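Just below is one structure, and these are the notes that go with it.
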Amino acid sequence: MRKISQSATGGPEVLELIEAPDPVPATGEALVAVAAASINPVDIAFREGLFPMLPDLPFTVGWDVAGTVAAVGEGEAPFAPGTRVFGMPRFPKEAGGYASMIAAPAAELAATPEAWSDVQAAAVPLAGLTAWQGLVKAGKIQAGQRVLITAAAGGVGHLAVQIAAAFGAETTASASAAKHDRLREWGAVETLDYASEPADAKGARFDLIFDAFGGETTEALLPALVPGGTIVSLRDPSAGTRERAEAEGKTLRRIGVRPNGEQLAELARLGAEGKLTPEVARTFPLAEAGAAQTWLKEARPVGKVVLIP
């Protein structure tokens, strides 16, 4: 197999393409021939040594993968060899996703719907699970609710907009003005230019806010939330923001994404129904993983960046 390895933390130059023996699937695991692996901002944080939980060096970064089951370990196997699957195994522990082969817990994978290519499927796991766990599990999204999605054209946001629309929410999506046409294509009924249109310009009107930024941004969004509403964010707000929310009868929830095969299957179901279409901004060969990470960080594209082993 081929994989990206790093023996030090730092810039993109620490990523090196090497050859290694194929992994052997343990009990309950599947060996997946990786057809595509997508990049997430957390990959860059791991590469730079900025994530609080780092594996021992050397390690291979990456979690989002899609491909075909090549073999299974001992025990009951939910996926037979030849099955197309996708997933985000082991996160935040090392999974070795930037590779041509990966051994992954079968319970953290799902079958890829025919509606998605492997490149599209690889774009879904971390971003899609973050959106699902934020909107559905933490946010308890309901049909007819007024929902605001921030960073709505990004990897997480563009899937969150589609999930909210699939649940029948009245979705407002916030992103730069140049991306608004795409937001409407994904199901947003209203768009906001975050640079010029404050979320609370029309007062407190949202039942649920999914804030892909968190922290100080959550505090700024609080006036746009109705009493009894919920903000779900990816970073902890300040203690003062929590106190203010509690005094106003509003709920703040912070989430950290975790692998979940059953939830991936729900995302796949939406894909099969034509309600969730992953956006891929660009693909790179595996050997150019460093350049791909740099482009993601600098270009801030619509959708995801995907590696092809």
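The values are calculated or read from the model by the stated rules, or taken from the named source; none is laboratory data. Everything numeric here is computed off the predicted structure, so don't read it as measured data. Cβ atoms come from the backbone with ideal geometry, glycine included; neighbour counts cover every protein chain shown.
Can you tell me which residues in the stretch 41-66 are buried (at least 21 other Cβ atoms within 10 Å of the Cβ) and either at positive phi or hydrophobic (A, V, I, L, M, F, W, C) (or both)? Result: Phe46, Val61, Gly62, Trp63, Val65, Ala66.
Is it true that Ala152 is crowded, with 21+ Cβ neighbours inside 10 Å, assigned to a loop (DSSP other than H, G, I, E, B), in contact with a strand residue (DSSP E or B) (Cβ under 6 Å, 6 or more places away or on another chain) and of a type in the set (A, V, I, L, M)? Working first, answer last.
Details: crowded, with 21+ Cβ neighbours inside 10 Å: yes; assigned to a loop (DSSP other than H, G, I, E, B): yes; in contact with a strand residue (DSSP E or B) (Cβ under 6 Å, 6 or more places away or on another chain): yes; of a type in the set (A, V, I, L, M): yes.
Taking the combined requirement at face value, the residue satisfies it.
Summed over the stretch 3-40, the residues that are part of a strand (DSSP E or B), closer than 13 Å to Glu288 by Cα and in contact (Cβ under 8 Å) with a residue 24 or more places away in the chain give a count of 7. Scanning the stretch 14-40 for residues that are surrounded by 14 or more Cβ atoms within 10 Å (Cβ to Cβ) and either of a type in the set (Asp, Glu) or in contact with a helix residue (DSSP H, G or I) (Cβ under 7 Å, 6 or more places away or on another chain) (or both) yields a count of 14. Scanning the stretch 92-105 for residues that are out of contact with any Ser or Thr (no Cβ under 8 Å at 6 or more places or on another chain) and surrounded by fewer than 24 Cβ atoms within 10 Å (Cβ to Cβ) gives Pro92, Lys93, Ser100, Met101, Ala103, Pro105. Considering the stretch 287-305, and only residues there that are crowded, with 21+ Cβ neighbours inside 10 Å and at pLDDT 95 or above, the residue that is farthest from Ser100 (Cα to Cα) turns out to be Leu296. The residues on offer are Gly168, Gly139, Gly144, and the sole one that is over 23 Å from Ala299 (Cα atoms) and touching a Phe, Trp or Tyr at 6+ places or on another chain (Cβ under 8 Å) is Gly139.
Here the condition is being in a helix (DSSP H, G or I) and not assigned by TED's automatic domain parsing to the domain that holds Val119; of Glu288, Glu298, Glu219, Glu197, it holds for Glu219 alone. Per the conditions (1) more than 21 Å from the chain's Cα centre (by Cα); (2) within 14 Å of Pro89 (Cα to Cα), the sole criterion not satisfied by Ala70 is (2). Ala265 falls short on exactly one of the conditions (1) assigned to a strand (DSSP E or B); (2) of a type in the set (Gly, Ala, Ser); (3) surrounded by fewer than 16 Cβ atoms within 10 Å (Cβ to Cβ), and that condition is (1).
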